[in-house]
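Chemist: Take this structure, written in structure tokens, and hold onto it; I'll ask about it next.
Values in this text are rule-based calculations from the coordinates and carry no lab data. Being a predicted model, the structure only gives us computed values, none of them experimental. FYI the Cβ positions are ideal-geometry reconstructions off the backbone, even for glycines, and counts take in every protein chain you see.
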Amino acid sequence: MAENVRHLFFTGEKGVGKSTLVKKSIERFEGGVGGFLTVKSEKVFPGKSSLHLLSLRCPLIPSAENFLTFCGEQNEETAGRFDRLGCAALSDIRGVDLLIMDELGPHETEALLFRKAVLGSLDGSVPVLGVLQKADSPFLSEIRSRPDVEVLEVTHGNRDEFFSAAFRENMIRVFGRRNSC
């Protein structure tokens, strides 16, 4: 990883284990963690698969209150939900040593306040660990092109390497000594 890197994002095909890597890193991180996770649920709205944005400062339980959208659908209310839930999750960084953004993708195109909060967080003092969907959008390209961002591709063939000793040393350099992933 380059010397000026402060933020690390995983990317790759769906189901390869990007979010699992982030969750394992959170478990092993000894400092304060903030930000958000997005999760799919089949239980909140019976018969429908829904996507939820969970703040790491709240119970990690999908509910109607943290509902973003139904999987495979997007409507005019989706951007407002990203703005409300995402901005709230990114704004409370008291005691946070690592900010999680899992995950960012093209659904956020119309969520201007959320996009501004993400970019503002990347300009801030707290390092970010996150996931970028493997998709093209001006928002994702802007994140990928930043000199302080490293994007690592996760595949079925290399995902176990992300917990090697060499990778842990890079994580410590980027995120500080408290990260022992």
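Chemist: So, how do all the Cα-to-Cα distances of region 61-159 break down into 10 Å bins, in percent, from 0 on up?
Modeler: Per 10 Å bin, starting at 0, the Cα pair percentages come out as 13, 46, 33, 7.
Chemist: Let me ask something additional. Based on DSSP, what percent of beta bridges with both residues in the chain are antiparallel, to the nearest 5? It would help to have the intermediate numbers written out before the result.
Modeler: Numbers: 10 of 28 bridges.
About 35 percent, rounded to the nearest 5.
Chemist: Mind pulling the angle between the C-alpha long axis of helix 165-175 and the longest principal axis of the chain? Nearest 10 degrees, somewhere in 0 to 90.
Modeler: With both axes taken from Cα atoms, the answer is about 70 degrees.
Chemist: Quick check on region 1-42: take the gyration tensor over C-alpha atoms, sort the square-rooted eigenvalues as a ≥ b ≥ c, and tell me if it's rounded (a/c under 1.5), prolate or oblate. The partial results should precede the final answer.
Modeler: Working: a/c = 2.21, a/b = 1.31, b/c = 1.68.
It is oblate, given that a/c is not under 1.5 and a/b is not larger than b/c.
Chemist: Also: Could you work out how far helix 112-123 tilts from the main Cα principal axis of the chain, as a 0 to 90 degree angle to the nearest 10?
Modeler: Between helix and principal axis, roughly 10 degrees.
Chemist: Among 105, 75, 19, whose Cα projects farthest towards the positive end of the dipole of region 7-175, with charges put on the beta-carbon of Lys, Arg (+1) and Asp, Glu (-1)?
Modeler: Final value for the positive-end residue is 19.
Chemist: I would also like to ask the following. Charges at C-beta only: +1 for Lys and Arg, -1 for Asp and Glu. How large is the resulting dipole of region 47-87 about its Cα centre, in Debye rounded to 20? Write out the running numbers ahead of the final one.
Modeler: Numbers: 4 positive and 5 negative charges, 38 e Å.
With Lys and Arg at +1 and Asp and Glu at -1, about 180 debye.
Chemist: Is there a quick way to get the dipole size of the chain? I mean about its Cα centre, with the Cβ of Lys and Arg at +1 and of Asp and Glu at -1; what is the value in debye to the nearest 20?
Modeler: Approximately 440 debye in magnitude.
Chemist: Stretched out fully, how many nm does the piece from residue 75 to residue 3 gain, at 0.36 nm a residue minus the Cα gap?
Modeler: On the way: separation 72, 0.36 × 72 = 25.92 nm, distance 4.11 nm.
Working it through step by step, the gained length comes to 21.8 nm.
Chemist: If you fit an axis through the alpha-carbon atoms of helix 18-28 and take the longest principal axis of the Cα set of the chain, what angle between them do you get, 0 to 90°, nearest 10?
Modeler: 60
Chemist: Here's a follow-up. Which value in Å does the Kirkwood hydrodynamic radius of the chain take, with 1/r averaged over all unlike C-alpha pairs and then inverted?
Modeler: Details: mean 1/r = 0.0603 Å⁻¹.
One over the average 1/r among Cα pairs gives 16.6 Å for the chain.
Chemist: Tell me the relative contact order for region 7-175 as a rounded percent, counting alpha carbon contacts under 8 Å between residues six or more apart. All intermediate terms of the calculation are to be shown ahead of the outcome.
Modeler: Values: 284 pairs, mean separation 52.5, N = 169.
This gives 31 percent for region 7-175.
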